[in-house]
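J.: Mind looking over this structure? Questions follow.
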Amino acid sequence: MPKILIIEDSNLVRLKIKSVLENSGFKDIIETNSADLIVDKPYVYLQNVELIIMDISLPGISGIEAAYWLKTNINYSKIPVIFLSGTSDSITVKNALKAGGVDYIVKPFEEMDLIKRVSHIIGRPQNIPKDTSLTIDIDEAKKIISIEYSRSVRGKQPVSFIIMKVNNDIEESINKITKTLRQIDQIFILTRKKILLVLPLTDESGLKVVVDKIEKRLNIKGKDDILKKITYLGDENLSLEELINDMLN
């Protein structure tokens, strides 16, 4: 079972994170209140760790500084980091992702959101059933968009969506597209020839980069195959209903 390290200076928050994960089936969890310890004694705290959930504002070195240290250390550079912070300004989020974070969750967090993000990166515990099908219906698509919309509003963070048609073998196309995505990005089959991509923490410039990569990977032209693409910036200028209508109608 994947080993998870929690680095959070608030005892209450740290214990809540641990409790939420344990109740969801994740059992191999260690915790500490300082990132200094993983730098000073990585052989103790990072042994077999497959995911780090880390605050940014910590005593001693910050979470971002610790992530940079991990990123430049060949022995630990592959460990994914989820930042969990009360800070949601765009500069901090960008700095955290630049430092090597694969996801950024704003406190106070929703329990199911945390479980979803952790499961997406390291998989669900074996004792919890998981539907491995990527195929969803229109109601499930609406629910997914609604969850990401709420997360974006709460954290004031961008999220982007793409709906595109696939003319070739859909499994082969999905495999190619997946190679252009990050661990936190999601891909779903809407119909036999249409897919939905969900790109958290992705603004308009990031969306353009993803679209360019997909077009190159699949050797397609966006105007013909990228049916819809939209970025929501976490403000309330666009309602959930408008977003769903724009994407799915």
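Values quoted throughout were computed directly from the atomic coordinates according to the rules given, and no laboratory measurement underlies them. Note that the structure is predicted; figures quoted are calculated from it, not measured. Cβ placement follows ideal geometry from the backbone for every residue including glycine, while neighbour counts extend to all protein chains displayed.
J.: When the helices in the chain are scored as -39500 (n - 2.57) per DSSP H run of 4 or longer and the sum is shared across all residues, what 222 nm value do you end up with, to the nearest 500 deg cm²/dmol?
T.: -12500 deg cm²/dmol
J.: Checking the cross-link filter: which aspartates and glutamates have an alpha carbon closer than 16 Å to that of residue 216, excluding same-chain neighbours under 8 positions apart?
T.: Result set, ordered by chain and number: 172, 224, 225.
J.: Also: Straight-line reach from residue 16: which aspartates and glutamates have Cα under 16 Å away, leaving out those fewer than 8 places along the same chain?
T.: Reachable aspartates and glutamates: 8, 28, 31, 55, 110, 111, 113.
J.: Find the Cα radius of gyration of segment 138-248, compare it with 2.2 N^0.38 Å by division, and give the number to two decimals.
T.: This ratio for segment 138-248 stands at 1.01.
J.: While we're here: Could you check the simple spin-label distance between residue 156 and residue 74, using points 7 Å along Cα→Cβ, in nm with one decimal?
T.: 4.2
J.: Subtracting the Cα-Cα distance from 0.36 nm times the residue separation, let me have the gained length for residue 98 to residue 57 in nm, one decimal.
T.: 13.1 nm
J.: Which value in nm describes the separation of the simple spin-label points at residue 90 and residue 249, placed 7 Å from the Cα toward the beta carbon?
T.: Result: 2.8 nm between the two label points.
J.: A follow-up question, please. Cα-Cα over 22 Å: which of 3/41; 98/143; 94/143; 71/116; 78/156; 98/156?
T.: Exceeds cut-off: 98/143; 94/143; 71/116; 78/156.
J.: Moving on. Label points 7 Å out from Cα along the Cβ direction at residue 143 and residue 120: separation in nm?
T.: 1.6
J.: Could you state the orientation-averaged shadow area of the convex hull built on the Cα atoms of segment 3-122, in nm² to one decimal?
T.: That works out to 6.5 nm², a quarter of the Cα hull's surface.
J.: If you wrap a convex hull around the C-alpha atoms of segment 86-127 and split its volume per residue, what is the figure in Å³?
T.: Convex hull of Cα atoms, per residue: 67 Å³.
J.: What's the long-distance tail for the chain, i.e. % of Cα pairs beyond 29 Å?
T.: Looking at the chain, the distances longer than 29 Å represent 32 percent of pairs.
J.: For the chain, give the magnitude of the charge dipole about the Cα centre (Cβ charges: +1 Lys/Arg, -1 Asp/Glu; no others), in debye to the nearest 20.
T.: Dipole size: approximately 680 debye.
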